[in-house]
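Q: Okay, handing you the structure first.
The values are calculated or read from the model by the stated rules, or taken from the named source; none is laboratory data. Quick caveat: nothing in here was measured; it's all calculated off a predicted structure. Note that we place each Cβ from the backbone using ideal geometry, even for glycine, and neighbour counts take in every protein chain shown. Remember, those area values only see protein heavy atoms, side chains included, never the ligands or the DNA or RNA. Shrake-Rupley method; radii C 1.70, N 1.55, O 1.52, S 1.80 Å.
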Amino acid sequence: MKTSFKQLVKQTGWLSVTSCLCSLSLHAQEKKNVLFIFVDDLRTELGCYGSPVQTPNIDRLASQSVVFRNAYCNVPVSGASRASLLTGVYPDFERKRFVDAETYSQNDLPGVTTLPQAFKEQGYHTVSLGKVFHHHDDRTDSWSETPWIVSPASGDWATYNKWNVWKKTVEEKDLHPRSHRGPYYESADLPDSCYEDNTIARKAIQKLGELKERKEPFFLAVGFRKPHLPFIAPQKYWDLYEEDSIAIAGNRYRPSGLPKQVQSSREICQYTQTDDTSSEAFHQKTRHAYYACVSFVDAQIGLVLDELKRLRLDRNTIVVLLGDNGWHLGEHDFWGKHTLLKESTHVPLIIKGPGWKHACSQSIVEFVDIYPTLCKACHIPLPSHLQGKSFLPTLVQPQKKHRPYAYIQWVKGENLLDGRYSYAEWHNDARQLTGKLLFDHQADPDENRNAATSEQYEKQTAAFGTQMKKAKEQKQMKSI
């Protein structure tokens, strides 16, 4: 039998009812915290995405989250990708905005309100630990505290052995003659505490305790460095895998008809032991090294998530975990990011929040959409400069579609992906078309054949060409 409001007052007294209503009101108005976890160069090489890599902690988070199967960075390089995400603005290669690894958002787009700054202005305590912006001194006004790092992410950070990156001694003669870096991989029988990402995790654990004591909402960004090169992790994470049984890419060849503008990144060649990157032995060793680093960083993320739960902060905290760009692991004999192929642009995106149920969403989302989404979820006013759009409705109803396509740029190339097709164009400085590609992911999921010149796909190619012009016009209308 339902109890009427009058009966409730009679039974419990006016003060009790008022107290109850006030408590419900305060609970409804309680501000959500945000724990934002960046993982450097992490592609969808996670158990929850169907990979054989052992990532029990991220998988556990995924089991409580909305897992986006079709999330894309807007530019496949760390510095530019992070600047774009944290400002909510697209890269623009014509204006030379957010174009490379060394991007400073405060130089390319000064004055706009960043994502953490929007929260800070609404009473949040904002903190940056590890690699968040590519440069720790970029937009320091976004944070309530001075950004904290172990080692810088730019400049000479990988010069041997200035920041204790390698744990084993390397003779001077064995270093790279130009970059002065050591081997691209290393295992050492040392505890996690000897490695930078564990230091970052322990700092995050300490900071969570401090933030709980502050009794005010927080935006905590934690940036882990692995699996970025060099692939260095404790031996126990290497031991999770039998190298001889690791499957390597079956398409270790250049796609037919691929425009000349698409080239493999040369980043890995700045390290030693990379003389023959095409050999099967190199492919297997490099996958093993990458897998070990992913399992290592998974363990560090687990420490932070465990502390969030232990402090009972998980009940009112939105957790965002993502990789800042994808990474080729030998597909097409490519290594690294820096292409408009899917291995370079497709990224993991996992979001957990109070009241959102676990689901896998097939909806297309872009990194520029994360800023407005978090603002909407936390009732933060949206700055007028934002170019992305909130996918909060998709978090509430994961089957809901968000975008018809993703828009990605790299150097002079532009890319559209619509769930089935991937189309890209390249133009010269005179804006003349110099190359194009079309992959049909239904017929060619591994992107082995450029179908842009095929009669079979003539209509699709023409339609995408028209759609690309519209996409450019829409971006120009929103340009700042």
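Q: From the list Tyr253, Tyr241, Tyr290, pick out the single residue that is closer than 30 Å to Gly435 by Cβ, in a loop (DSSP other than H, G, I, E, B) and at pLDDT 95 or above. Steps first, answer last, please.
A: Numbers: Tyr241 fails: closer than 30 Å to Gly435 by Cβ; Tyr290 fails: in a loop (DSSP other than H, G, I, E, B).
Only one candidate qualifies: Tyr253.
Q: Here is a further query. Across the stretch 293-317, what is the total count of residues that are outside any helix (DSSP H, G or I) and without any contact (Cβ under 8 Å) to a residue 12 or more places away in the chain?
A: 1
Q: Limited to the stretch 365-379, what total is found for residues that are β-branched (Val, Ile, Thr) and open to solvent by 10 Å² or more (accessible area, probe 1.4 Å)?
A: Qualifying residue count for the region: 0.
Q: Just for the stretch 452-480: of the residues that are in contact (Cβ under 8 Å) with a residue 60 or more places away in the chain and over 28 Å from the mean Cα position of the chain (by Cα), which one is nearest to Gly88 (Cα to Cα)? Before you say what the answer is, go through the steps one by one.
A: Pass one, the stretch 452-480, residues in contact (Cβ under 8 Å) with a residue 60 or more places away in the chain: 452-453, 467, 471, 475, 478-480.
So of that shortlist, the ones also over 28 Å from the mean Cα position of the chain (by Cα) come out as 452-453.
Working: Ala452: 32, Thr453: 35 Å.
Ranking the candidates gives Ala452 first.
Each row is one residue, and each column tells you yes or no for (1) of a type in the set (D, E, K, R); (2) in contact (Cβ under 8 Å) with a residue 60 or more places away in the chain; (3) in a loop (DSSP other than H, G, I, E, B).
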| site | (1), (2), (3) |
| --- | --- |
| Lys203 | yes, yes, no |
| Leu208 | no, yes, no |
| Glu213 | yes, no, no |
| Leu220 | no, yes, no |
| Gly223 | no, yes, no |
| His228 | no, yes, yes |
| Ile232 | no, yes, no |
| Tyr237 | no, yes, no |
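Q: Sort out which residues of the stretch 417-441 are within 17 Å of Pro404 (Cα to Cα), open to solvent by 50 Å² or more (accessible area, probe 1.4 Å) and among the charged types (D, E, K, R), and write them in order of number.
A: Asp418, Arg420
Q: For the stretch 442-461, which positions are open to solvent by less than 70 Å² (accessible area, probe 1.4 Å), over 16 Å from Tyr405 (Cβ atoms) and of a type outside the set (D, E, K, R)?
A: Matches in the stretch 442-461: Pro445, Asn448, Asn450, Ala451, Ala452, Ser454, Tyr457.
Q: List every residue pair whose Cβ atoms sit under 6 Å apart, with the two residues 6 or more apart in sequence or on different chains, where the first one lies in the stretch 135-150 and is within 19 Å of Ala118 (Cβ to Cβ) and the second, anywhere, is of a type in the set (Phe, Trp, Tyr) and assigned to a loop (DSSP other than H, G, I, E, B).
A: From residues that are within 19 Å of Ala118 (Cβ to Cβ), the pairs are Asp138/Tyr104.
Q: Moving to a separate point now. Of everything in the stretch 389-413, what is open to solvent by less than 30 Å² (accessible area, probe 1.4 Å) and over 19 Å from the mean Cα position of the chain (by Cα)? Give them in sequence order.
A: The answer is Pro398, Gly413.
Q: Out of the stretch 323-333, which residues are in contact with a helix residue (DSSP H, G or I) (Cβ under 8 Å, 6 or more places away or on another chain) and either open to solvent by 10 Å² or more (accessible area, probe 1.4 Å) or of a type in the set (D, E, K, R) (or both)?
A: Residues satisfying the conditions are Asp324, Glu331.
Q: Yes or no: the stretch 109-126 includes at least one residue that is more than 17 Å from Thr345 (Cα to Cα), part of a helix (DSSP H, G or I) and open to solvent by 10 Å² or more (accessible area, probe 1.4 Å).
A: Yes, that holds for at least one residue.
Q: Right, next: Would you mind finding the one in Val320, Val347 that is surrounded by fewer than 22 Cβ atoms within 10 Å (Cβ to Cβ), touching a residue at least 60 places away in the same chain (Cβ under 8 Å) and not in a loop (DSSP other than H, G, I, E, B)?
A: Going through Val320, Val347 in turn, just one is surrounded by fewer than 22 Cβ atoms within 10 Å (Cβ to Cβ), touching a residue at least 60 places away in the same chain (Cβ under 8 Å) and not in a loop (DSSP other than H, G, I, E, B): Val320.
Q: Restrict the check to the stretch 132-143 and report whether at least one residue is part of a helix (DSSP H, G or I), under 17 Å from the mean Cα position of the chain (by Cα), surrounded by 15 or more Cβ atoms within 10 Å (Cβ to Cβ) and at pLDDT 95 or above.
A: The first filter runs over the stretch 132-143 and keeps only residues part of a helix (DSSP H, G or I), leaving 140-142.
Then drop every residue that is not under 17 Å from the mean Cα position of the chain (by Cα), which leaves none.
The answer is no, given that none of the residues of the stretch 132-143 is part of a helix (DSSP H, G or I), under 17 Å from the mean Cα position of the chain (by Cα), surrounded by 15 or more Cβ atoms within 10 Å (Cβ to Cβ) and at pLDDT 95 or above.
Q: Also, quick follow-up: Mind counting the residues in the stretch 80-107 that are assigned to a helix (DSSP H, G or I) and surrounded by fewer than 24 Cβ atoms within 10 Å (Cβ to Cβ)?
A: Selection size over the stretch 80-107: 2.
Q: I'm checking my understanding of the structure. Among residues of the stretch 148-164 that are over 18 Å from the mean Cα position of the chain (by Cα) and open to solvent by less than 20 Å² (accessible area, probe 1.4 Å), which one is farthest from Arg225 (Cα to Cα)?
A: Looking at the filtered set, the residue picked out is Ala158.
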